[in-house]
1. Would you confirm, using the coordinates I've provided, whether ALA233 is in a strand (DSSP E or B), farther than 22 Å from PHE167 by Cα and out of contact with any helix residue (DSSP H, G or I) (no Cβ under 7 Å at 6 or more places or on another chain)?
2. Check off (1) buried (at least 23 other Cβ atoms within 10 Å of the Cβ); (2) under 14 Å from GLY141 (Cα atoms) for ASP239 and give me the number that stays unchecked.
3. What are the residues in the stretch 160-173 that are in a strand (DSSP E or B) and more than 16 Å from the chain's Cα centre (by Cα), if any?
4. Which number in (1) within 17 Å of THR154 (Cα to Cα); (2) crowded, with 19+ Cβ neighbours inside 10 Å marks the one condition that ASN251 misses?
5. Go through GLN153, GLN216 for me and flag whichever is crowded, with 22+ Cβ neighbours inside 10 Å, under 18 Å from the mean Cα position of the chain (by Cα), in a strand (DSSP E or B) and in contact (Cβ under 8 Å) with a residue 12 or more places away in the chain.
6. Suppose the filter is outside any helix (DSSP H, G or I), farther than 17 Å from GLY141 by Cα and at pLDDT below 95; does ASP74 pass it?
7. In the stretch 182-196, which residues are in a strand (DSSP E or B) and modelled with pLDDT of 95 or more?
8. Kindly provide the set of residues from the stretch 198-213 that are in a strand (DSSP E or B) and either of a type in the set (D, E, K, R) or under 19 Å from PHE184 (Cβ atoms) (or both), ordered by number.
Amino acid sequence: MKFSSTILAYFAAQAVAGPMAPIEDVTADITFVPREPRAALRKTGLNILQSDNGADPAASLYNKTTRAVDVEEDIVGDLVEDMDELEKRAARNVAYSSNWAGAVLNGNNFKTAQATIKVPNPAMPRGGKASTQYAASVWVGIDGSSCQRAILQTGIDVYFQNGKASFDAWYEWYPDYAYTFQGFAIRAGDTLTITVSASSNKAGFVTIQNLTTRKQITHNFANQRATLCLQNAEFIVEDFQSGGSLVPFVNFGQVAFSNAVVRNNKNQVQSLAGASILNMRQNNKVVANCGASSNLVSCKYTG
């Protein structure tokens, strides 16, 4: 059998590279830095502006039920579907928010939400000022939309100022403070797997794995005073609040929550095809459009 030079070069490279390195848990080396609650804006509820179909937006977002899938659907790979197609699927189930963009799945007894993202390469919004710091959060969570007494969430913040991007990772069990995983390295283009898991309504854990650097961080929760409802699972790009107001929203480009999966307490996978979609609208302009399929949520900046 004759092999092409391309194939031979591929196998030679694989032999040199060797097997992929195991992921190292670096939690012991990380400093947990408290900051104001990331969910502070939700004290008065998620700010839903309206739905596309004229129906009550709260009903559109909250009164959905989900189907339990007995056999896990194929969630291998990170191919992002055409965004226009995702938006068409979502068109009948869209509401608008001033601070959230993404997908909210509603049901009961949710245990785990997980997705893989590529860290975006942010930019200054059109007409912005270089000296202004622009920002957004990208996170996965349980509760926080219809159930607002507690939120279990983890993710990253994306910043852009004076031509430079920066990032940090954080976690929160609201209404406690959000905490930064200070010292956990993240760069644009890194691939992260983000997981939140509730072992009960008062306990659980969060994990962020950087598949590019082969490092991960974890935080465990026990006996939390605010109890989860286990009713919502979210995959969100957020214009978060700082100092009592929303931060200037960054041009995040596009974020895809691929291999997205939600499991209930029987370990059944819940399809995201029926999730409620949130697009972000500020100053009468849509600044983020989103769509979802069974295991993918994708949002693009449109500001």
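The values are calculated or read from the model by the stated rules, or taken from the named source; none is laboratory data. Treat the numbers as computed from the prediction; the structure is a model and nothing was measured. A quick note on method: Cβ atoms are made from the backbone with ideal geometry, for glycine too, and the neighbour counts reach across all protein chains shown.
1. Answer is yes for this residue.
2. If we test ASP239 against (1) buried (at least 23 other Cβ atoms within 10 Å of the Cβ); (2) under 14 Å from GLY141 (Cα atoms), just (2) comes out false.
3. PHE160, GLN161, LYS164, ALA165, SER166
4. (1)
5. Within the list GLN153, GLN216, the selection yields GLN153.
6. So ASP74 passes the test.
7. THR191, LEU192, THR193, ILE194, THR195, VAL196
8. PHE205, VAL206, THR207, ILE208, GLN209, ASN210 - these are the residues of the stretch 198-213 that are in a strand (DSSP E or B) and either of a type in the set (D, E, K, R) or under 19 Å from PHE184 (Cβ atoms) (or both).
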